């Protein structure tokens, strides 16, 4: 949790380089709070936090962090954990039994339990970064997941390989860039695909009215599994055709 002076605590974790086997320590941040921890947020977005460089071989790898990102301005909470299935974090986010240093009154807790926060649980650092990137650009992550599901269908048809994971890499001007990880096991192949940013508006206009408030419990695990389970694209080959 954050210190009372606003400086976040770090926890030194031992990690092993997947390339050369070197074991070294790396600082982890259990909680990142906005406003306040903007430098840490920037490090997540530019892939310098949770992407350590091995002191021996100088290769960069991804960690499996356990971290809570809390944006008090936008009333959002994003948790990243490497646990699978219904995690303890999902249970806590649904129940409201998470206690923070700046929740002092019963009214604060009641507001939290009413679903004032948009809450999400993700299971890898790419998805964690994506949630923050989407928030910064005012994208609804549920609409993005539907777009990604459509893109996955197109990519799999073109490449003949299953999409292991797909996430928004960057968005600038009129383009959105996605990275797809292909294959059923390592070594994976990485594919970059771009599409027009206004495709998001088309998906939003078509599907948003069929969804509830983003703060509701059913959207805590908004990912590709959720997109498939929603059934919103079941009657269409790939949602709407996405120009790439």
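The values are calculated or read from the model by the stated rules, or taken from the named source; none is laboratory data. Bear in mind the structure is a predicted one, so any value in this text is a computation, not a measurement. Methodologically, a virtual Cβ is constructed for each residue, glycine included, from the backbone with ideal geometry; neighbour enumeration extends over all protein chains shown.
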Count of the range 57-72 residues which are modelled with pLDDT under 95 and part of a loop (DSSP other than H, G, I, E, B): 9
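Here are some residues: 182, 133, 168, 208. Which one is surrounded by fewer than 20 Cβ atoms within 10 Å (Cβ to Cβ), within 30 Å of residue 39 (Cα to Cα) and either at pLDDT 95 or above or touching a strand residue (DSSP E or B) at 6+ places or on another chain (Cβ under 6 Å) (or both)?
133
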Test result for residue 146, closer than 16 Å to residue 131 by Cβ, within 16 Å of the chain's Cα centre (by Cα) and in contact (Cβ under 8 Å) with a residue 60 or more places away in the chain: yes
Residue within the range 186-205 that is at pLDDT below 90 and either within 25 Å of residue 80 (Cβ to Cβ) or in contact with a strand residue (DSSP E or B) (Cβ under 9 Å, 6 or more places away or on another chain) (or both) present: yes
Number of the exception - residue 98 against (1) under 23 Å from residue 212 (Cβ atoms); (2) part of a loop (DSSP other than H, G, I, E, B); (3) at pLDDT 85 or above: (3)
Odd one out for residue 39 among (1) closer than 29 Å to residue 205 by Cα; (2) at pLDDT 90 or above; (3) in a helix (DSSP H, G or I): (1)
Conditions (1) in contact (Cβ under 8 Å) with a residue 12 or more places away in the chain; (2) on the phi > 0 side of the Ramachandran plot; number of the one not met by residue 160: (1)
